[in-house]
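Let me begin by presenting the structure, written as structure tokens, before commenting on it.
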Amino acid sequence: MKRVIQSLIFGSCTALTVGCSATGKTDSFTFTADLPPSFAYKAVATYIPAKGETCSVPGGKNTQVSFNREWRTEYKADAEILLYRTVSGCPLALYSVKLDINATYGKTWGDFGSDFANVAVRETLLETSKGTFNAAGESEFSGQCQWLFRTSGKPRILRKILDCKNTDAQGVVTKGHPFSAYTLDQLPGKTVRLKIKLADEEEPYMGDTWVKVPNGWKRCMGDNFEDQDAFCFGNYTDFSTFRMPDGRHCTIYPGCTENKEVTP
């Protein structure tokens, strides 16, 4: 009897353990992410009726589960995601995990950029479409994020937009956002890892609005200081100042103040 009790308490998987089925089989996987400093992810797992089920959930209520909703203050890199849930008496299976990749670049609430990645989960997939796992039960997919900068408003405040692209096994940027896909039977007890690299250089969000110079980028004036688009249109002599998120007034990005005048 003592051994039975110990097994129930200390066993690696029991019917009472989150992510375990009544048969003792793990019905969850771990999602985690290796991200650059000041980055965090928010995840939403979406569930649909399991294969062969004809039931439905009224209004789709409680068919999504969020992780790291408060990513600024309560962030955890690891999330245990259930593969199966029952809502309103309807057995559901995991269908997808949408990931918001968030990154801050300043101290105020609005000083952040966001882009997305996706994990698809299906009953069946072509072998060439399925993610693969190593001997340790880990699978990795990757991407590269880049900061794109622009100015906004009459003070021409510098804002940044986060742009995240998929990368292949060699780290080469490809089309689309970071993405991977798995079958339900691949995932129990496994770990899926998203690995994001930050691009070495930032670029303007919109073409023909900044001019590249040896020390950074200079903002074209446009028609006047209140011109919101302020395209260069061949005028590479009239530049405007702009304001950094920390309040500094600058003439060049990212160095803020240029050391010498240069010709574009």
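The values are calculated or read from the model by the stated rules, or taken from the named source; none is laboratory data. On a predicted model such as this, the values are computed, not experimentally measured, just so you know. Using ideal geometry, Cβ is built from the backbone for each residue, glycine included, and neighbour counts are taken over all protein chains shown.
Data overview
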read-out	value
Within the stretch 40-89, tally of residues that are acidic (Asp, Glu) and in contact (Cβ under 8 Å) with a residue 24 or more places away in the chain	3
Per-region count, the stretch 242-256, residues surrounded by fewer than 18 Cβ atoms within 10 Å (Cβ to Cβ) and touching a residue at least 40 places away in the same chain (Cβ under 8 Å)	6
Enumeration of residues in the stretch 101-140 that are under 24 Å from GLU70 (Cα atoms) and without any contact (Cβ under 8 Å) to a residue 60 or more places away in the chain	TRP109, GLY110, PHE112, GLY113, SER114
Residue check for CYS90: farther than 21 Å from ASN118 by Cα and at pLDDT 95 or above	yes
Within the stretch 112-137, considering residues that are loosely packed, with under 14 Cβ neighbours inside 10 Å and of a type in the set (Asp, Glu), the one nearest to THR46 (Cα to Cα)	GLU123
Within the stretch 158-210, tally of residues that are free of Cβ contacts under 8 Å to residues at least 40 places away in the same chain and among the β-branched types (Val, Ile, Thr)	4
Considering residues of the stretch 157-176 that are assigned to a loop (DSSP other than H, G, I, E, B) and touching a Lys or Arg at 6+ places or on another chain (Cβ under 9 Å) only, the residue surrounded by the fewest Cβ atoms within 10 Å (Cβ to Cβ)	LYS175
Residue list for the stretch 71-103, restricted to those being touching a strand residue (DSSP E or B) at 6+ places or on another chain (Cβ under 9 Å), outside any strand (DSSP E or B) and farther than 17 Å from SER180 by Cα	TRP71, ARG72, TYR75, LYS76, ALA77, ASP78
Condition met for GLU226 (acidic (Asp, Glu), touching a Lys or Arg at 6+ places or on another chain (Cβ under 8 Å), closer than 23 Å to ARG150 by Cα and not assigned by TED's automatic domain parsing to the domain that holds SER114)	yes
Qualifying residues in the stretch 177-207 (those that are hydrophobic (A, V, I, L, M, F, W, C) and closer than 12 Å to GLU140 by Cα) - the one surrounded by the most Cβ atoms within 10 Å (Cβ to Cβ)	VAL192
